[in-house]
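Working notes, structure below.
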Protein chains: 4
Amino acid sequence: MVKVGIVGGTGYTGVELLRLLASHEQASVAVITSRAETGRRVDDLFPNLRGLYDLSYTTPDREQLATCDIVFFATPHNVAMHMVPDMLSAGCRVIDLSADYRLRDARLWSSWYGESHASDELLTEAVYGLPELNREQIADARLVACPGCYPTSIILGFMPLLASGLVDPQHLIASSASGVSGAGRIAKVDNLLSEVSDSFKPYGVSGHRHLPEIEQGLSDVAGTPVVVTFVPHLLPMVRGIHSTLFARFGSSSPAQNLQALYEHFFEEAPFVDVLPPGTLPQTRAVRGANRCQLAIAVPQGRDTVVVMAAIDNLVKGASGQAIQVMNIMLGLDESVGLGQVGLLP
Amino acid sequence: MVKVGIVGGTGYTGVELLRLLASHEQASVAVITSRAETGRRVDDLFPNLRGLYDLSYTTPDREQLATCDIVFFATPHNVAMHMVPDMLSAGCRVIDLSADYRLRDARLWSSWYGESHASDELLTEAVYGLPELNREQIADARLVACPGCYPTSIILGFMPLLASGLVDPQHLIASSASGVSGAGRIAKVDNLLSEVSDSFKPYGVSGHRHLPEIEQGLSDVAGTPVVVTFVPHLLPMVRGIHSTLFARFGSSSPAQNLQALYEHFFEEAPFVDVLPPGTLPQTRAVRGANRCQLAIAVPQGRDTVVVMAAIDNLVKGASGQAIQVMNIMLGLDESVGLGQVGLLP
Amino acid sequence: MVKVGIVGGTGYTGVELLRLLASHEQASVAVITSRAETGRRVDDLFPNLRGLYDLSYTTPDREQLATCDIVFFATPHNVAMHMVPDMLSAGCRVIDLSADYRLRDARLWSSWYGESHASDELLTEAVYGLPELNREQIADARLVACPGCYPTSIILGFMPLLASGLVDPQHLIASSASGVSGAGRIAKVDNLLSEVSDSFKPYGVSGHRHLPEIEQGLSDVAGTPVVVTFVPHLLPMVRGIHSTLFARFGSSSPAQNLQALYEHFFEEAPFVDVLPPGTLPQTRAVRGANRCQLAIAVPQGRDTVVVMAAIDNLVKGASGQAIQVMNIMLGLDESVGLGQVGLLP
Amino acid sequence: MVKVGIVGGTGYTGVELLRLLASHEQASVAVITSRAETGRRVDDLFPNLRGLYDLSYTTPDREQLATCDIVFFATPHNVAMHMVPDMLSAGCRVIDLSADYRLRDARLWSSWYGESHASDELLTEAVYGLPELNREQIADARLVACPGCYPTSIILGFMPLLASGLVDPQHLIASSASGVSGAGRIAKVDNLLSEVSDSFKPYGVSGHRHLPEIEQGLSDVAGTPVVVTFVPHLLPMVRGIHSTLFARFGSSSPAQNLQALYEHFFEEAPFVDVLPPGTLPQTRAVRGANRCQLAIAVPQGRDTVVVMAAIDNLVKGASGQAIQVMNIMLGLDESVGLGQVGLLP
């Protein structure tokens, strides 16, 4: 049984790790930390977990965490970068769900996060934890930086087009929309039900922190710098991200069958599901499931291709992907413990 | 033109006063205060008001407020009770939307609010501002305490039954449900969309602060002490309160036609609408409107009567009712500026 | 491997059976019928099931269904009563999720459903499939009538009080609220998102078809006729039922500790969870899970007790309970395949 | 008093015309038709209108409608085109909210609507009723075709850019999202709350009927053929459309101040509100109001401009715009009866 620790277990990615790990036969949560809730039972805070865990929050403690094989960081950014060096030197392997190790360039990181990085020596060692991109590097990694939720949907959606060089990499457009759980379990007027229910709005148009991560990931795929115009929007619902992606074909419209291209590209990826022609993604089909559903269209047969991608931001966009990464790191089948079916209706 | 001041203009009852007063031909908002947002334009915080007000928040100031004919307090409890004596002595008339003056008994108030009352000498002068109960006293009042949202729906619903002595006043039951806007525009994890959307729950079962107010109001109607079991619930939506009320007939089932009783009882009340037999209330029919819709049923012809009442908690349950009160105080037609139609769908 | 057939697989209880059975190790769906969708793949209609079933709808056929060990009816009322006699004579055991066999009294059934019963000779054989009430009879049954969603929450909530004779059985009150999925996957203007979103309303006050079922079940528990005033309401959300139950104590307030009474009463019931004192149910904690969460309160220490119960109407209120019943019928552990965790947030 | 007739008064644009006209001082609804609801009071179907109209549905009748000065068609497409010639010859002026007269090219219309047009001789006479584009032609028109909801938001958003020739007109992208009320008050499984709540999905990617209308309108503005990639999405809410628009600058990035360009372009348009820099549109700010809020951004100062536009699909996207058109046709102030304030929260 793999011994798991979770740092920062009171947010939505923390409770989602617990929900998913409850049915993982080869991993067991030994430690879960929260400074604010020390001593409180996890099922007191999250009553959906009653009967599943006999576990209380503890104050983060190096010695205690060092007994774990795998330590997940389900913290806001700026926490992991201070603790990870210690965890690694204690022999733990680390899966960071936060943004601390996603960018390889420390200066770029600092310019977007407004502070200097506390352990930038690890930025190049950290593996970007998108299994469909880096499955092999993940297997051997000590430190994996799990992708953000928007980047997961956008990189998976554009990958086949960029890898095959079919579209102009300098003018990609991503119009994405996320449920409010992406904003975290944090007391803010902006995310009250009375503020965001029954409404839809863009945000972060002038610059969202996921932009450099998206461009880094897509540039890795394309082998050339990629430029994306990224507009995120807030949906009046809890879970789900949908990205609508636009790209223009190169000199001429492609002879290639895009449906076949996508199906072939992802045929080894158990959690990427290319929908049959004529079917479009909807977030509820993947709610609670570790799955990305994709569709491709070329409206009116013109020169612009549209890719649509749906994930659950807390599962394939965060905690499910983190467990998928853990499975790969441990040499397990990638799908262990990830059989949850989308909750529809 | 009546000069209006609003103390505490950044909450939902504040912005709702502004929305409604924008179409009031005989009142004009001269002052709106907020310590936290001093200097900020109201339409910057609430973009639905763009083009309607050229107004910015100011720090509450006695001299400035004293220039107003009517001062609304749209503050949390514990604010008005410190400022109202001053306003009254300056010659303003005050309409308090908070809970500070709703209970006549200072000890009862203290036991529910956990502190002593700062101006308890005004508790007996303050008129409970339910026009359908106290229209005449409101006309002459210096200080009106507007009812809470739940009490408005429950008192209106039970009034005809209690006034006519048809039901047992010692065993009333009120099962109510409110949209989340009733919890205010306050940063709390509990009211995040991700916490309360797609879910339904009771709260405050052991004792909600509206209980003594409900029992005081109903006792006034009945002329005898009334006992209510009150269970509020939180709805996954923004606006609307629905109360489902249960009472048992006295010795025998009534000969009286309850539908006629209700229609007659409220025939002079422009904002209470007794629905025709067979039609039941729904909160969306009164969304944004200063209206209470009521229906009565005696399921299976047994000995228990069910009354159903729907209001918009921010309008007839708060700011609309406050303007109705203002109209009465000023000798205007009760309906001036309150012609907004329910937003359906 | 137990061979399962599902009659009527295009409604919400049908797709929910499929979602839950996807992780049941000892049962496999061999047949699923739908006249309207014959030939269509189930995962074409319900894309959350992609990769889990290689199954298409067929027209109901006696021979084909007769090969199944267990046949679920996930049909509207009035279908099962025509087909079940045939299924039983073919040697299948039947679990009916519809209302056809819930009432033992054929005349009562006819008066509520407006037609005569097509196989009333089976009404007394059919076991009412609430495991917490009839676990032993279910084990040996050929035909089980699964409870309605409201009755499940209301009977479980009142059971300990009625079994112990603490409350007046003639004046029970149930104020319940359901998500819209309870109304089925049927084209009706009344259940459009634009009609029911952002709104709350009572319905069926003069008589809901679940009333006689509730009273029959509670009378079985009490050993005396029980009278309930039942008001259902429609919630602006998909899944979840919450019932708020009111009862009056007999001559005096009970010496007994109600919390202990409830915990003891349900200690052998794996899917009934009595919450610790001070914690109240919320539907999201049981969303997608086969679980009923209960809490008890005596507001202000008066003579009225309030019980609150939350279930997912499609799981413990329908398809999950049906699988629980199947497990009992097959002599399996009651919990097999029912380990889904509530989806929170 | 202008006498108004409404053909097709049971859909959402019909009830919205009634809601808005209730506060129009110079127009009065004399006739409202519905074959299905003939004889039923409008406030029986729409209880938000109780007390406002003493009006029942009638079967459409030429003589009766001919007594009206203005006849609104709030029907599905394919109804108006059969009745309008008659109405015009009877001397009525017609405002059609349906799609029947929006395209000038009869062959294009037929190819998108799958039938031949019944009165194509009127297609060139009909004025496209976007006041910000055709204010003068509307004033004199006998027949006005009100724009679709998506086209309203997209044309208003792109207008200043295209009129000034700043962007490539051959590669415009519109990613739009609509509340479900846009799908009408029609019994369809697809629009049940249980199907579309808590979910987000694209639809009509291969070709939505608003596409030719958008391209026709934008080509009029640009004076050159315009090509748009248009992807609509369905939001889990009732009202509101938001369009996120992308265009690429011509040879170089513009010297021009886009904020000033937009403010200047719309300075005479009372219902188009260019938000101050840094503020982004949100649909709730315009819910129930006849207003379009716009914002412009150039992310990262690159070569792609993003315009964001929010309207209420039933108001500025349908019935409010139709009343604005009526005011212009009648020589009234454009804003008469359109003072409703956005319902926020």
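A short reminder: the numbers here are calculations on the coordinates, not readings from a lab. Note that the structure is predicted; figures quoted are calculated from it, not measured. Here Cβ is always computed from backbone atoms with ideal geometry, including for glycine, and neighbour counts include all displayed protein chains.
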Largest first and in whole Å, what are the equivalent-ellipsoid semi-axes of the protein assembly as shown based on the Cα gyration tensor, each being the root of 5 times an eigenvalue? 44, 43, 34
Ranked list, fewest to most other Cβ atoms within 10 Å of each Cβ, for D:ASP303, A:ASP44, D:ASP96, A:ASP220: A:ASP44, A:ASP220, D:ASP303, D:ASP96
Name the nearest-to-axis residue of chain B, judged by Cβ distance to the rotation axis taking chain B onto chain C, and quote that distance in whole Å. B:SER175, 2
For Cα pairs less than 8 Å apart in space and 6+ apart in sequence, what is the mean separation divided by the residue count of segment D:150-313, i.e. the relative contact order in percent? 31
Gaussian network model of chain C, Cα springs within a sub-10 Å range: biggest mean-square fluctuation belongs to which of C:ASP168, C:ASP120, C:ASP333? C:ASP333
Whole Å is fine, so just give me how far the alpha carbon centre of segment A:1-46 lies from that of segment C:159-175. 39
Long-range HN-HN contacts of A:LEU192 with modeled amide H, under 5 Å: B:LEU193
In segment C:3-64, what trypsin sites (Lys or Arg not before Pro) fall in a loop by DSSP, with at most 12 other Cβ atoms inside 10 Å? C:ARG35
Give me the distance between the Cα centres of segment B:50-114 and segment C:186-225, rounded to whole Å. 44
Among residues other than A:ALA318 whose Cβ falls under 13 Å from its Cβ, what is the net charge (Lys/Arg +1, Asp/Glu -1)? +2
Net charge over other residues, Cβ less than 13 angstrom from the Cβ of B:VAL227 (K, R count +1; D, E count -1): 0
Set of lysines near C:LYS188 by C-alpha distance (under 24 Å), chain-local residues within fewer than 8 positions excluded: C:LYS201, D:LYS188, D:LYS201
Normalised contact order of chain C, rounded percent, pairs of Cα under 8 Å and 6 or more residues apart: 17
Could you work out [θ]222 nm for chain B from helices alone, using -39500 (n - 2.57) per DSSP H run of at least four and dividing by all its residues? Round to the nearest 500 deg cm²/dmol. -8000 deg cm²/dmol
Only counting other Cβ atoms within 10 Å, I'd like B:GLU263, D:GLU195 sorted with the fewest neighbours first. B:GLU263, D:GLU195
Determine the dipole magnitude for the protein assembly as shown: charges of +1 sit on the beta-carbon of Lys and Arg, -1 on that of Asp and Glu, nothing else is charged, the reference point is the Cα centre, and the result goes in debye to the nearest 20. 0
In terms of modelled amide H atoms, which long-range or inter-chain residues lie less than 5 Å from the amide H of D:THR58? D:ILE32, D:THR33, D:SER34, D:GLY39
Which of A:GLY320, A:GLY301, A:GLY288 ends up with the largest GNM mean-square fluctuation for chain A, with Cα atoms connected below 10 Å? A:GLY301
Sort shortest first the distances from A:GLN26 to its counterpart in every other copy, using label points 7 Å along the Cα-to-beta-carbon line, and give them in nm. 2.6, 7.7, 7.9
Assume the label is 7 Å from Cα along Cα to beta carbon: what separations in nm does A:GLU136 have to the matching positions in the other copies? 6.5, 6.9, 9.2
From the phi of every residue in segment B:297-313, what ³J(HN,Hα) in whole Hz does the Karplus formula 6.51 cos²θ - 1.76 cosθ + 1.60 yield, where θ is phi - 60° and glycine or proline is x? 8, 10, x, 6, x, 8, 9, 10, 9, 10, 10, 10, 9, 10, 9, 8, 4
Per-copy distances of the D:ALA187 label point, shortest first, in nm (7 angstrom along Cα→Cβ): 0.9, 5.0, 5.0
Once you sort the root eigenvalues of the Cα gyration tensor of segment C:77-235 as a ≥ b ≥ c, which label holds: rounded (a/c under 1.5), prolate (a/b larger than b/c) or oblate (the other case)? oblate
Once the principal axes of the Cα atoms of chain A are found, what is the range along each, listed largest first in whole angstroms? 62, 43, 39
In terms of the alpha carbon gyration tensor, root eigenvalues a ≥ b ≥ c, rounded if a/c is under 1.5 and otherwise prolate when a/b exceeds b/c or oblate, segment A:150-313 is prolate
Starting with the fewest neighbours, write out D:MET87, A:MET326 ranked by other beta-carbon atoms found within 10 Å of each beta-carbon. D:MET87, A:MET326
What net charge is computed for the residues neighbouring C:ALA295, neighbours being all others with C-beta under 12 Å from the C-beta of C:ALA295, Lys and Arg scored +1, Asp and Glu -1? -1
Would you please state which residues of segment D:50-80 a label at D:MET1 would reach in this model, taking the label point 7 Å out along Cα→Cβ and a backbone N cut-off of under 16 Å? D:51-56, D:67-70
